[in-house]
Every structure is written in structure tokens, then in C-alpha cells.
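Novice: Below is the structure I would like to discuss, written out as C-alpha cells.
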Ligand code: SF4
């Protein structure tokens with residue numbers, strides 16, 4: 001059975017999702033960035049062997065006609081639209097070019113500075129760029145997200161893009177204690193680079209992502225076992241940190257973000273009342 005390419009966004013029927021109604025589109029299945037904490041790898045076979053969707057261009061051209069004007073479309077929720085394969089296949093680039101003929105509102109989600117290649121097309125769209133960043137430390141990023149763009153490259157991309165387009169950052173996930181000492185410095189840096197909103201969430205455990213994390217960060221194996229397996233909360237198929245710790249981490253991010261004059265939201269944490277904008281950056285779409 002061939003699945004539709006453009007589907008209503010439904011993060012695994014997550015009860016804590018506060019996103020506005022929107023669609024999700026990805027030219028690729030799987031992702032080459034190989035982030036240890038990735039959630040999508042639990043749902044998609046051979047996730048790290050990325051491949052293009054079959055007959056993508058033909059299917060996109062047919063399906064797009066059925067999407068209502070002004071709909072929000074996110075590219076992409078369960079892959080990255082700027083994986084290395086995009087350099088060869090240009091399917092994201094093709095998608096954006098087609099979008100120029102429609103009146104959609106678009107959110108691009110990526111960890112790759114390859115997005116800069118498409119800056120001219122992006123300028124012609126009603127778009128918000130959402131870049132994910134977990135750390136400013138190059139060595140930590142190399143261990144956590146081995147094939148994504150480095151923090152330096154991502155910061156440069158954020159700075160360039162934010163001169164022309166609204167840019168939000170997903171400071172996501174917060175992984176206690178790997179990147180929790182950097183909260184203040186990351187937020188300060190993002191303000192300097194022109195970011196409008198910070199979206200955050202804590203690391204949520206699935207068996208396969210915990211296995212990868214434990215293999216690479218074996219020094220935290222026992223701590224994560226205590227925090228997630230023994231004391232954590234199970235919500236919607238994920239293990240969360242104990243609520244008091246989670247709340248204090250999200251509060252810290254919120255406090256520094258507001259102090260720096262940016263908007264704030266958290267994602268699937270249950271603290272909707274603290275959001276100053278939509279949880280996905282879509283408030284900056286016109
Ligand atoms: S970039 Fe996103 S989809 Fe790709 S491996 Fe990392 S977390 Fe998973």
C-alpha cells in the first residue's frame with residue numbers, strides 16, 4: 001500500500017501535543033544524521049539508511065492540489081529535509097520551488113546548514129525556519145548527532161537566515177546532565193544570532209534511543225537508569241524524567257529566554273500555560 005506524502009500532523013497521537021492543525025511532508029524516509037536520541041527510529045525500519053520516497057515528484061504534484069490554501073505544512077517531522085542525500089537528489093529544493101505556486105504556510109525543520117543553499121527560494125515563501133541545536137560544544141555534538149552540521153555551522157546558518165526570515169530554535173532535547181550546564185550560554189548565543197523563539201523539550205526515553213545513549217555515554221548509564229526507569233513517568237509510550245526535575249529544567253530555559261527578550265514554548269511537556277507563542281514557531285507565519 002502506498003501511503004500519502006502529505007499527512008495531517010499527529011505526533012503518535014500524543015496527548016501533550018499543543019501544535020495548531022497542520023500537515024507534515026518529508027521527501028525522505030529515514031535520516032542520515034544519526035542522532036542518538038532520535039525518536040523516529042523507533043517507528044521506522046532501517047531508519048538510518050535514508051532513501052527517497054518512491055515517485056516523490058509525481059505524487060507530490062498530485063497531492064498538493066488537495067491541500068487547502070493557507071494550510072501549515074511542516075517539512076519534515078520524522079526525517080531531516082537537508083540530509084546529505086538532498087545534495088544529490090534535490091527533492092526538498094524541488095518541493096520548495098513547487099510551493100512558490102501555492103499559498104501555503106511553511107515550517108522547515110532541520111539540523112543542517114545545507115538549508116542556506118535554498119535561501120533565495122525561502123525568501124519568496126511564507127516560511128518559518130526552525131533549526132535544532134542541543135549544545136555549543138563541538139565534541140559533544142559529534143558524539144550526540146554525529147552526521148548533522150556542527151554547532152558552529154548551525155549558528156552561522158541561523159545568523160544568516162535570521163537576517164531575512166523568522167528563525168526559531170528547537171533547543172531540544174535537554175539531556176540531563178549532558179547539556180544542562182549550557183542552558184544560559186546557549187540562549188545568550190541564540191539571541192545574538194537573531195532567533196525569535198526558543199522551543200524546548202526534555203529527552204524522552206524509548207528502548208532503542210536509550211541503548212544508543214548508554215553505549216556512547218556509558219558514564220551516565222546508572223544515572224539515566226535511576227531517573228528514567230526507576231523514578232521516571234511513563235507518558236504516551238515514552239519515559240519522561242521525574243516531573244520536578246523536568247519542570248525545573250523547562251523553567252530555567254523559559255526564564256533565560258524571556259530575559260533575553262525572545263518568545264518561549266515547550267513541546268509535549270504539559271506546560272502549555274508557560275508558552276508565549278504557538279509551540280512550533282508557527283506564530284511567525286503570516
Ligand atoms: S535529525 Fe532528527 S530525524 Fe534525523 S536522526 Fe536526528 S533526531 Fe532523528
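Please treat every number below as a calculation from the coordinates, not as lab data. Small disclaimer: the values here were computed from a predicted structure and weren't measured. Here the Cβ is made from the backbone with ideal geometry for all residues, glycine too, and neighbour counts use every protein chain on show.
Novice: Just to be sure I follow: if Rg is taken over the C-alpha atoms of the chain and Rh is the Kirkwood radius over the same atoms, what is Rg/Rh? Present the calculation step by step, with values, prior to reporting the outcome.
Specialist: Working: Rg = 18.0 Å, Rh = 19.2 Å.
Checking Rg against Rh, the ratio lands at 0.94.
Novice: Still on this structure, I have one more. Label residue 71 and residue 218 with points 7 Å out from Cα along Cα→Cβ: what is the distance between them in nm?
Specialist: Distance between the two pseudo-spin positions: 4.9 nm.
Novice: Let's test the formula: R0 of 41 Å, r as the Cβ-Cβ distance of residue 248 and residue 3. What FRET efficiency results, to the nearest 0.05? Can you show the working numbers first?
Specialist: Values: r = 40 Å, r/R0 = 0.98.
Once the sixth-power term is evaluated, E becomes 0.55.
Novice: Which ordering of 33, 225 is given by a fewest-first count of other beta-carbon atoms within 10 Å?
Specialist: On the way: 33 21, 225 15.
Listing 33, 225 from fewest to most nearby Cβ atoms yields 225, 33.
Novice: If you take the square roots of the eigenvalues of the alpha-carbon gyration tensor of the range 110-236 and sort them as a ≥ b ≥ c, do you get rounded (a/c under 1.5), prolate (a/b over b/c) or oblate? It would help to have the intermediate numbers written out before the result.
Specialist: Values: a/c = 2.21, a/b = 2.10, b/c = 1.05.
Verdict is prolate for the range 110-236.
Novice: In addition: When DSSP assigns beta bridges and you keep just the ones with both residues in the chain, what percent turn out antiparallel, to the nearest 5?
Specialist: On the way: 8 of 34 bridges.
Of the beta bridges lying entirely in the chain, close to 25 percent run antiparallel.
Novice: In addition: At a 10 Å Cβ-Cβ cut-off, how would you order 263, 80, fewest neighbours first?
Specialist: Arranged by neighbour count, lowest to highest, 263, 80 become 263, 80.
Novice: Turning to a different aspect of this structure: Could you sort 112-120, 16-24 so that the peptide with the highest average Cβ count within 10 Å comes first and the rest follow in order? It would help to have the intermediate numbers written out before the result.
Specialist: Details: 112-120: 18.4, 16-24: 16.7.
Per-residue mean Cβ counts within 10 Å order the peptides as 112-120, 16-24.
Novice: If you rank 190, 125 by fewest surrounding Cβ atoms within 10 Å, what's the result?
Specialist: Values: 190 28, 125 20.
Lowest to highest Cβ neighbour count: 125, 190.
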